[in-house]
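Comments concern the structure below.
The values are calculated or read from the model by the stated rules, or taken from the named source; none is laboratory data. All values reported here derive from a predicted model rather than from experimental measurement. All Cβ positions, glycine included, derive from the backbone under ideal geometry; neighbour counts span all protein chains shown. These accessible areas exclude ligands, DNA and RNA; they are computed on the full protein's heavy atoms, side chains included. Shrake-Rupley method; radii C 1.70, N 1.55, O 1.52, S 1.80 Å.
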Amino acid sequence: MDITSIIIGGVIGLVGGALIMLILQKTVLKSKTDSILKEAEAEGEAIKKDKIIQAKEKFLQLKEEHEKKVRNRERNIQSLEDKTKSKDKSLNQKLGDVNRKNKEVDRLKKELEDQMEVIENKKKEIEKIHQKQVVELSNISGLQADEAKKQLMETLKEEARTDAMAHIKDIVDEAKINANKEAKKIVVQSIQRVATEQAIENSVSVFNIESDEMKGRIIGREGRNIRALEAATGVEIIVDDTPEAIILSCFDAVRREVARLALHQLVSDGRIHPARIEEVVAKTKKSLNEEIIETGRRTCIDLGIHGLHPELMKMVGRMKYRSSYGQNLLQHSREVANLCAIMASELGLNVKLAKRAGLLHDIGKVPEDEPELPHAILGMKLAEKHGEKPDICNAIGAHHDEIEMTTIISPIVQVCDAISGARPGARREIAESYIKRIKELESTALGFDGVIKSYAIQAGRELRVMVEAEKVNDQRADELSFIISQKIQNEMTYPGQVKVTVIREKRAVHYAK
C-alpha cells in the first residue's frame, strides 16, 4: 500500500471521529438544556405562587386599612351629627328665650307708650295754665309777654356782665400774683433738689511716678521718647524739678487722658521707645473710645433714659471730656436733665421727654468733625438724623432762640440750661475763651495742603505742625512755617508770640519675612 492511500485513510478516520464527537456533544448538550429548562420552569412556578400569595396578603391588608378608615369616618360623621343635634337643641332654646324676651319688650313698650300719652296730656294742661298766667300778668303789668321777656333778659345780661367783669379782674390779679409766686417756688425747689458742683478750670494733668529716675527713661536718648509721645498724642509733656511728677498740658481733655493712660502703661511695662510709644497710644485711643461709649450708656441708665441711638449715646460719653466755660459738659447736661424732670413733674408734663431733651440739649458741642454751625442747630440736626421725636429736636434747637419754640418742653429746657449755667460757681469765661483760641490755632494750620496733624502746646505759645514727607519737601516746610505764622499774626488775637514749628519726617519701613 502506498503512502497516499495511508494518508487518505487517516484523514477519513479523523473526519469520522470528529463527526462522532459532534454527535455525542449535541446529545449531551440537549439533555443538559432540557434539564435546565425543567428546573427554570419549576422555579418560575414557585416564584409565581409566592407572588400570588404576597399579592393576596397585600390586598387583604389594604382592604383592612380601608375598612378601618371607613369605620373612623363613620364615627366622625356620627360625632358631627351629635354635635349638630346638640347645637340645634341649644339654638332652639335660645330662640325660645329670645321670643320670650321680645314679648316682654313689647309689653314694656306698650306700657311706655301709655305713660307717654299721660305725660303728653299733662304737658298740654300745664301749657294751658302757663298761657293763662301770662295773660293775667300782661293785664296786670300793661306789657306784652315778649316785651316783658326782652326787658328781663336785658336786665339779667347787664347784671351778669358787670359781675363777670369784676370776677375776671379778681381772677387775673390773683393769677398774676400766684403765677410769679408759683414760678419762683418751682425754680427754687428744682435748684434745691439737684446736687451741683463747682466749676474747676483744668488744662493740665499731673502724672505721678515712683522715682525721678523714670523721668530720664521717659525723656529717652536725646529726647526721642518724649518727642515721640508728644507727636503721637498732641500733648505737651513738662518734665521739671517737681519731685516724682510729670505735668501733661493740653486744652483737650481727651488728649490729656490718652497721654496719661499711655504713660501709665509704658511706665508699668518698662519698655519705652518710639515704636512702642506709638503702639501703646493707638491701643489707648481705642480703649478710651470704648470707655466713652460705656460712660454714655451708664449716664442713660442712671437717668432712666431708654432707646437712645448708639451714636447719640457716644456723644453723651464724649461730654465727659468737654467743658463749657469751665463747667464739665456731662455734669451740666445731667444737671439740666434733672432740673427739666423736676419742673415737668411740677407742671404735669411728660417727665421722661423733658429729661431726655435736657440731656441732649448740648450734643452739638461734641461732634468729631465740628462743622461751622451753632451748636443748638447742629444738635437739632443730629437728633433728627438719629430718630428723636420732633418735641425733643425743637427743644434742642430752640434753647438759645436760634429757632422758634413750638412745644411746651422747649422753654423748660431753656430755663433749666440758664439755671445750671448762671448759678454761682458754675462757669468761668477764661477756660472757654482759651480753648476756643487754641482750637482756632490748630484749625488754621490744618487748612494747608500737606498738613496731617497740628498741636498747640505751651498754652498756645507754640504750634507744632506735622506734614507728609511725600507732599512737602524741606523748602516747602520752611515756606509753610512762614505762611502759617503770618496768617496767625494777621487773623488771630493772642497774648505774646506764637512759635510755629513744622516737622517733616521720612520713614522707611520694611519687613523681614
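Brief remarks follow.
- A232, sole failed condition from (1) at pLDDT 75 or above; (2) open to solvent by 10 Å² or more (accessible area, probe 1.4 Å); (3) in a strand (DSSP E or B): (3)
- Pairs where the first residue, in region 258-273, is without any contact (Cβ under 8 Å) to a residue 60 or more places away in the chain and the second is of a type in the set (S, T, N, Q), C-beta under 6 Å, 6+ apart: V258/T233; V258/T284; A259/T233; R260/S205; L261/T284; A262/T284; I272/N225
- Tallying residues that are open to solvent by 30 Å² or more (accessible area, probe 1.4 Å) and either of a type in the set (G, A, S) or not in a loop (DSSP other than H, G, I, E, B) (or both) within region 380-400 yields 6.
- Total residues in region 406-423, condition closer than 21 Å to S323 by Cβ and assigned to a loop (DSSP other than H, G, I, E, B): 1
- Conditions (1) assigned to a helix (DSSP H, G or I); (2) open to solvent by less than 60 Å² (accessible area, probe 1.4 Å); (3) not small (G, A, S): number failed by I403: (1)
- The residues listed here are I292, I301; of these, the one that is assigned to a helix (DSSP H, G or I) and either among the aromatic types (F, W, Y) or open to solvent by 40 Å² or more (accessible area, probe 1.4 Å) (or both) is I301.
- Residues in region 243-289 that are hydroxyl-bearing (S, T, Y), within 29 Å of Y434 (Cα to Cα) and either in contact with a Pro (Cβ under 8 Å, 6 or more places away or on another chain) or open to solvent by 40 Å² or more (accessible area, probe 1.4 Å) (or both): S287 only.
- Pair list, Cβ under 7 Å, 6 or more apart: region 380-401 residue without any contact (Cβ under 8 Å) to a residue 60 or more places away in the chain, other residue assigned to a loop (DSSP other than H, G, I, E, B) and hydroxyl-bearing (S, T, Y): D391/T407; N394/T406; N394/T407; A395/T407
- Number of the exception - S420 against (1) under 15 Å from A337 (Cβ atoms); (2) open to solvent by 60 Å² or more (accessible area, probe 1.4 Å): (2)
- Scanning region 344-377 for residues that are open to solvent by 20 Å² or more (accessible area, probe 1.4 Å), in a helix (DSSP H, G or I) and either at positive phi or not β-branched (V, I, T) (or both) yields S345, E346, L347, K352, L353, K355, R356, K365, H375.
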